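All remarks here apply to the structure that follows.
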Amino acid sequence: MTIRITGTGSALPEKIVTNFDLQELVETSDEWIRERTGIAQRRISMGETVATLSAAACQRALEMAGKTAEEVELILVATCSPEMLLPCCACQVQDIIGASHAAAFDLNAACSGFLFALNTAYAYMQSGIYKNALIVGSEVLSKLVDWSDRGTCVLFGDGAGAAFVEASAEDIVRDNGRKVGMECMVQGSDGTKGMVLSCAERPVDNAFISEKQTISPYIQMNGQEVYKFATRQVPACIHQALDKAGITAEDVDMFVLHQANVRIIESVAKRLKADISKFPMNLDKIGNMSSATIPVLLDELNRGGRIQDGNRLVLSGFGAGLTYGATVIVW
Ligand code: COA
């Protein structure tokens, strides 16, 4: 038994905000942002929500897979920026698309969220509980960003990506001899470093507390610590995943990495001794959308015909938590 991705979809807000637009808000420049991050523009919500973007991405993924919403058994939405604490976003998506037979819940592993959701679905399917799932990474980070903080506001964007995954009992073997499906996964967390990238919810407050706490509701980040973590941990967990699958970086056709920073991706490529051409990127156009970056890039590659049957992909991400993961898939 294995699971394979049979449909992908994505949805982005209409509004484009360029680095030049940000120059009007904070003391920064297009040159600084491009050089340090590789980002030129991002999409920003003008009313689109985590739920509506998720639903649109799911509908596209289902359409590609040739499935109806009624056939969906599980919906997992990875997000750290839902509009509602209750109901969860996955239940909102269930309602919008009409997936009346699905169990639905959210999961928060920040930028690694899509991978953690994919791995969770894999575990459910391995144990025979569900036969298919809609996996979503969706964020509207623009509402969590302090638009006067140049250290963070230039990095993030809004959007959603989805994948429809199905369990297959029979092996499908491609012409190159590779068996289709998920080969292995590695995931991990380091809560001791959690505060290097954080965003607070409401503080403890109730009728019995007289001293009110005030907190910043915006993203706080120690960029250099996150950078160090990513450039060390991402290659380490990819190596672990490759070892587990019994392969080397040379056996991988494409590394679909979390799109946070072009310098981080280049550093990972160097540490893996893999050619940078195997690392597709789209962060110049859409910035860091946390859990949405990997599924949005996957959808772009899939719809653009850049993934061939039998290709081996490594999906890998890192983010707040701190969390990290790598998953090896044959298409
Ligand atoms: N425009 C212009 N100057 C800026 C700026 C901006 N948008 N943001 C920060 N600066 C300034 C700083 O204030 C600092 O000025 P100073 O030297 O006068 O104090 C200077 O640039 C250097 O800041 P620093 O934070 O050391 O820059 P950096 O080289 O570490 O680059 C990041 C900053 C955020 C691009 C980089 O640390 C990074 O990419 N980290 C990873 C972040 C990430 O990926 N987060 C998401 C994880 S999912």
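The values are calculated or read from the model by the stated rules, or taken from the named source; none is laboratory data. All values reported here derive from a predicted model rather than from experimental measurement. When we count neighbours, we look across all protein chains shown, and the Cβ atoms used for this are built from the backbone with ideal geometry, even at glycine.
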Checking Ala51 against (1) assigned to a helix (DSSP H, G or I); (2) over 17 Å from the mean Cα position of the chain (by Cα), the condition it does not meet: (2)
Long-range neighbours under 7 Å by Cβ, at least six apart or interchain, first residue among the basic types (Lys, Arg) and outside any helix (DSSP H, G or I) within the range 30-42, second at pLDDT 95 or above and more than 9 Å from the ligand (Cβ to nearest atom): Arg42/Val17; Arg42/Gly157; Arg42/Ile286; Arg42/Gly287
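Is it true that Thr79 is touching a residue at least 12 places away in the same chain (Cβ under 8 Å) and over 30 Å from Val165 (Cα atoms)?
No: the conditions fail for Thr79.
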Every residue from the range 13-23 that is more than 10 Å from the ligand (Cβ to nearest atom), within 11 Å of Val154 (Cα to Cα) and either crowded, with 16+ Cβ neighbours inside 10 Å or outside the structural domain of Glu48 (by TED's automatic domain parsing) (or both): Val17
Wholly enclosed helices (runs of 4 or more DSSP H) of the range 200-302 bearing at least 3 residues surrounded by 20 or more Cβ atoms within 10 Å (Cβ to Cβ), more than 11 Å from the ligand (Cβ to nearest atom) and more than 17 Å from the chain's Cα centre (by Cα): 223-245
Residues satisfying the stated conditions in the range 75-111, i.e. buried (at least 24 other Cβ atoms within 10 Å of the Cβ), farther than 17 Å from Ser10 by Cα and touching a Phe, Trp or Tyr at 6+ places or on another chain (Cβ under 8 Å): Ala109
Residue check for Ser100: in contact (Cβ under 8 Å) with a residue 24 or more places away in the chain and under 18 Å from the mean Cα position of the chain (by Cα): no
Failed item, numbered, when Val26 is tested on (1) in a loop (DSSP other than H, G, I, E, B); (2) away from the ligand (no atom under 16 Å from the Cβ): (2)
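Could you go through the range 49-58 and let me know if any residue there is in contact with a Phe, Trp or Tyr (Cβ under 6 Å, 6 or more places away or on another chain), away from the ligand (no atom under 16 Å from the Cβ) and of a type outside the set (Ser, Thr, Tyr).
So far as the range 49-58 goes, no, none of its residues is in contact with a Phe, Trp or Tyr (Cβ under 6 Å, 6 or more places away or on another chain), away from the ligand (no atom under 16 Å from the Cβ) and of a type outside the set (Ser, Thr, Tyr).
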Condition met for Glu71 (modelled with pLDDT of 95 or more, closer than 20 Å to Ser168 by Cβ and of a type outside the set (A, V, I, L, M)): yes
